[in-house]
Amino acid sequence: MRRKIYDRLLQWKKKNNGRSALLVQGARRVGKSYIVEAFAKAEYQSYILIDFNIVDMQVRDMFLHDLNDLNTFFLKLTTLFNTKLYERQSLIILDEVQLFPRARSAIKYLVADGRYDYIETGSLISIRENVKDILIPSEEDHMNLYPMDFEEFLWANDNETMMELVWNCYENKKPLGQALHRKAMDLFRQYLIVGGMPQAVEAYISSHDFDEVDQVKRRILNLYRDDIRKHAGGYEMKVEAIYDELPSQLKNQNRHFKLSSLKEGARFDEYKDALFWLSDAMIVNNCYNSTEPSIGLNLNRDRTLLKCYMGDTGLLISHTFDENGIVSEEIYKKLLLDKLEVNMGMILENIVAQMLTVNGHKLYFYSNSSRDDAQSRMEIDFLITKSKITNRHNISPLEVKSSKNYTLSSLKKFKAKYGEQLHIPYVLHTGDLKEEDGIIYLPLYMTPFL
C-alpha cells in the first residue's frame, strides 16, 4: 500500500548519506516493516533484514561480541543471510529492534563505520524496559508512522483525485457543492469506521465484508492487550484498566478522563505512568488542557486534566461496540449511513485528534469550569498554533460538531475573551465549507490541511 512516509524515507536517504541511522517507530500493526522493506527493495542494490522476533542467537551474539571487528561482523552477516553488501548502496534493517536493545546501542559504531545505511523499526521503543540498559545512540533520526490517513485510504481504494479537489477547495475557501461533498463524506465515513490499520483496510478492499474487517481489528486490539500484560511491568493492571475504560470516558460530555471511574479516590500521580505507557506505545493520543491560548501551549499545560483518544478510530469503534465479541455488520452499515443512534461526537472528536496528530500537532484543548463566572465557563475541543508565528493572533480554536444543529456558545465566549491571541476560529462539521462572522466552517475531511 502506498504510504506518504515513503517520500520522507527518500529525503532521509538523499540528505543523510550515511551520517545517521533512522528509527521508524509506531504502534503495532501500522505497517512499519512492510514499508521499510518495500523501500529497501526499490531504492538499494541489496539489503539485509534482521528480524529480532525470529533471528537466532548466532546473529544476536554478533552484536554482543563482534563490534570491535566490523570486517568480521559484516563477513558473518553476509554469510548468514547469503546476501552481498555494496558500500553506500546497501541497507541493513534492524526490525523489531526493541526486542534486542543491544542492537540499537550498536548503531553508534555501525554508523561511524560508514559503509552502509541503517533503518531500525520498532514498537514500544521508549518504554522503560527497552531503554534501561543501553546507551541510546545520538546517531539516530526518528520518524513516526501512524495508521493510514484519509488520503492513503483513498489511494488504497484506487481514488487518486478526491483529495486534490478537496485541497483546491480548501485553498480557495470554496465549497465542494452538494453532490461532491456528499461523495466526500461517504468516503470519509468509510474511512472512519474501517480505520487506518493496513490489515483492516486490506480486508475492506478485498471483501467489503464488515464482519471480516471487524475480526482483523479485534485481533489487533487483543494484541495490544497482550502487549500491556507482557510489557507494562509493575503497573499492567492500571494500564489495562485505562485501556478498557477508553470508550466509556470518550462518551462523557466533555471527554475528560475521570480517574475516579477506575477507583474511588484515584489520583493522577497514581496512574500517570500507566497513561504515559499507552501514549509511548502510540496506542492512544493524549490531549492536555492548556489554561491560556498563547504561544507555548505546553507552558500552560495542566497535565492532570486530559483527554485520552485512541490512535485509530476504526479500532475505537470495534473497542466500543463489543457486547457480543464482534461488531455486527448491521451496526457498521448504520454508521456508514449515519443512521445509528449513538454519540457520534466522541467518534468524530477521536478522528480529528487522529488527523491532527498525524500532521504533527501536539494535542491541546481549553477548559474552564468556573462556577462563579458564566462568561468564563467554556470548553474548546482543540487548540492549534499557526505555522508562522507573529506577535499576536497565533492560536486557532477548533470545535468539532457531529449534528447538523448545534450552538457555538463556548467558541463565541472564547473569541470575546481572547480575541487578541486568536488566529482563525474553525468549526469542523459534517456540512460543506462556509465562512460566517469570522469563523470558517470546514467539512471534517479538510482537517488534515489545518
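The values are calculated or read from the model by the stated rules, or taken from the named source; none is laboratory data. What you see is a predicted model; the values in this text were computed from it and never measured. In this analysis, Cβ positions are derived from the backbone assuming ideal geometry, glycine residues included, and neighbour counts consider all displayed protein chains.
General observations
- Within the stretch 367-401, tally of residues that are outside any strand (DSSP E or B) and under 14 Å from L356 (Cα atoms): 3
- Considering residues of the stretch 260-269 that are in a loop (DSSP other than H, G, I, E, B) and of a type outside the set (D, E) only, the residue farthest from the chain's Cα centre (by Cα): G265
Per-residue answers, yes or no, for (1) modelled with pLDDT of 95 or more; (2) among the basic types (K, R); (3) outside any strand (DSSP E or B):
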| position | (1), (2), (3) |
| --- | --- |
| L23 | yes, no, no |
| A38 | yes, no, yes |
| A42 | yes, no, yes |
| N53 | no, no, yes |
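- Options V427, V358: the member that is at pLDDT 95 or above, of a type outside the set (D, E, K, R) and surrounded by 21 or more Cβ atoms within 10 Å (Cβ to Cβ): V358
- When D372 is tested against the conditions (1) more than 24 Å from the chain's Cα centre (by Cα); (2) touching a residue at least 12 places away in the same chain (Cβ under 8 Å), the lone failure is (2).
- Residues satisfying the stated conditions in the stretch 396-407, i.e. over 9 Å from V427 (Cα atoms) and of a type outside the set (G, A, S): K404, N405, Y406, T407
- Output for the stretch 373-387, where each listed residue is farther than 15 Å from Y418 by Cα and surrounded by fewer than 18 Cβ atoms within 10 Å (Cβ to Cβ): D373, A374, K386, S387
- Residues that are touching a residue at least 40 places away in the same chain (Cβ under 8 Å), touching a Leu at 6+ places or on another chain (Cβ under 7 Å) and under 13 Å from E399 (Cβ atoms), drawn from the stretch 431-442: L442
- Failed item, numbered, when Y44 is tested on (1) free of Cβ contacts under 8 Å to residues at least 40 places away in the same chain; (2) farther than 21 Å from M355 by Cα: (1)
- Of all residues assigned to the stretch 143-154, at least one qualifies as being assigned to a strand (DSSP E or B) and either more than 20 Å from E330 (Cα to Cα) or among the polar types (S, T, N, Q) (or both).
- Matching residues in the stretch 289-308 - criterion: being touching a residue at least 40 places away in the same chain (Cβ under 8 Å) and touching an Asp or Glu at 6+ places or on another chain (Cβ under 7 Å): N289, T291
- Conditions (1) in contact (Cβ under 8 Å) with a residue 12 or more places away in the chain; (2) buried (at least 18 other Cβ atoms within 10 Å of the Cβ): number failed by F321: (1)
- Only one of the listed residues (M237, M185) is more than 24 Å from N343 (Cα to Cα) and aliphatic (A, V, I, L, M). That residue is M237.
- Residues (among the acidic types (D, E) and either more than 15 Å from the chain's Cα centre (by Cα) or not assigned by TED's automatic domain parsing to the domain that holds K238 (or both)) located in the stretch 276-308: E292, D302
- Residue list for the stretch 218-259, restricted to those being in a loop (DSSP other than H, G, I, E, B) and either among the acidic types (D, E) or crowded, with 20+ Cβ neighbours inside 10 Å (or both): A232, R255, F257
- Exactly one residue among Y418, Y445, Y441 is farther than 25 Å from M163 by Cβ and surrounded by 15 or more Cβ atoms within 10 Å (Cβ to Cβ), and that residue is Y418.
- Restricting the stretch 334-366 to residues that are in a loop (DSSP other than H, G, I, E, B) and basic (K, R), the residue that is nearest to K412 (Cα to Cα): K362
- Taking (1) part of a loop (DSSP other than H, G, I, E, B); (2) surrounded by 15 or more Cβ atoms within 10 Å (Cβ to Cβ) in turn, L187 satisfies each apart from (1).
- The residue that is farthest from A27 (Cα to Cα), counting only those in the stretch 173-203 that are among the aliphatic types (A, V, I, L, M) and either in contact with a strand residue (DSSP E or B) (Cβ under 9 Å, 6 or more places away or on another chain) or not assigned by TED's automatic domain parsing to the domain that holds I317 (or both), is L176.
- Any pair with Cβ under 6 angstrom, 6 or more apart, that starts in the stretch 230-258 at a residue that is small (G, A, S) and ends at one that is surrounded by 22 or more Cβ atoms within 10 Å (Cβ to Cβ): A232/V239; A232/W277
- There is at least one residue in the stretch 380-394 that is touching a residue at least 24 places away in the same chain (Cβ under 8 Å), among the acidic types (D, E) and either within 14 Å of P293 (Cα to Cα) or not assigned by TED's automatic domain parsing to the domain that holds L221 (or both).
- Of residues in the stretch 49-106 being over 20 Å from G26 (Cα atoms) and basic (K, R), the one surrounded by the fewest Cβ atoms within 10 Å (Cβ to Cβ): K84
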